[in-house]
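Encoded as structure tokens, the structure appears first; notes follow it.
The values are calculated or read from the model by the stated rules, or taken from the named source; none is laboratory data. In this text the structure is predicted, and so the values were computed from the model without any measurement. Here the Cβ positions follow ideal geometry from the backbone for every residue, glycine too, while neighbour counts run over all protein chains shown.
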Amino acid sequence: MRSAGIAARRADFPALHQQVNGKPLAYLDSAASAQRPQAVIDAMVAHERRNHANVHRGVHQLSQRATDAYEGAREKVSRYINASGSDEIIFTRGTTESINLVAASSGKMRLGPGDEVLITWMEHHSNIVPWQMICAQTGARLVAAPITNAGELDLEAFHRLLSERTRIVAVVLVSHALGAICPVQA
């Protein structure tokens, strides 16, 4: 992205209009507390003012509007990530909760003694601790691929660590600490 594009994106986020330690704020620790662009803040305020009600739990007008907005958002996300349908979209409070749910359900079902979960050294704790806990419960082993001196994923080491024992690969797309982008493909 060109610097003009980066500046335009930064301008969308009110929290990034400040300096910390005399430098423009760069906030990448977004697993549970992502900064919001002004358009999202405006939509949240509008929802709170007009439509705050339980989703899928009422027949009154506010609940219907909240449900329509919720399902509309699910449809938009589905199209954006090219999912097969909106039923594949589950909203949680953040990455931490999402990974905990995946580890506690799918992880527990797929892992046994001798199996491996492969992560990287650049993971946020939200993608380390749940796998540590599930590995301890199931007898599986947590394996971490190293990074290079440049702070990027060591792809050769990563490929060497992939084995017939690997049952789950859980890697970050963008490191919250380094800003490095992992070459992840579905």
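List the number of the failed condition for Ser33; all other conditions in (1) in contact (Cβ under 8 Å) with a residue 40 or more places away in the chain; (2) surrounded by 14 or more Cβ atoms within 10 Å (Cβ to Cβ) hold.
(2)
Among the residues of segment 36-78, how many are without any contact (Cβ under 8 Å) to a residue 24 or more places away in the chain, within 24 Å of the chain's Cα centre (by Cα) and in a loop (DSSP other than H, G, I, E, B)?
2
Exactly one condition in (1) surrounded by 13 or more Cβ atoms within 10 Å (Cβ to Cβ); (2) of a type outside the set (S, T, N, Q); (3) farther than 26 Å from Glu123 by Cα is false for Ala39; which is it?
It is condition (1) that Ala39 fails.
Could you pull out the residue among Ile90, Ile81, Ile119 that is touching a helix residue (DSSP H, G or I) at 6+ places or on another chain (Cβ under 7 Å), on the phi < 0 side of the Ramachandran plot and either in contact (Cβ under 8 Å) with a residue 12 or more places away in the chain or surrounded by fewer than 12 Cβ atoms within 10 Å (Cβ to Cβ) (or both)?
None of the other options fit; the residue is Ile119.
Among Ser175, Ser126, which is the only one that is within 28 Å of Arg74 (Cβ to Cβ) and not charged (D, E, K, R)?
Only one candidate passes the filter, namely Ser126.
Looking at segment 1-55 only, could you name the residues that are at pLDDT 85 or above, acidic (Asp, Glu) and farther than 22 Å from Ala73 by Cβ?
Passing the criteria: none in range.
Residues that are over 21 Å from the mean Cα position of the chain (by Cα): find the helices (runs of 4 or more DSSP H) completely inside segment 82-183 holding 1 or more of those.
Here the list reads 129-138, 155-161.
Quick one: would you say Ile168 is in contact (Cβ under 8 Å) with a residue 60 or more places away in the chain, in contact with a Pro (Cβ under 8 Å, 6 or more places away or on another chain), under 27 Å from Arg74 (Cα atoms) and among the aliphatic types (A, V, I, L, M)? Talk me through it step by step, then tell me what you get.
Details: in contact (Cβ under 8 Å) with a residue 60 or more places away in the chain: yes; in contact with a Pro (Cβ under 8 Å, 6 or more places away or on another chain): no; under 27 Å from Arg74 (Cα atoms): yes; among the aliphatic types (A, V, I, L, M): yes.
When the stated conditions are applied, Ile168 does not pass them.
Can you tell me which residue is nearest to the chain's Cα centre (by Cα) among those in segment 11-35 that are under 21 Å from Leu173 (Cβ atoms) and of a type in the set (S, T, N, Q)?
Ser30
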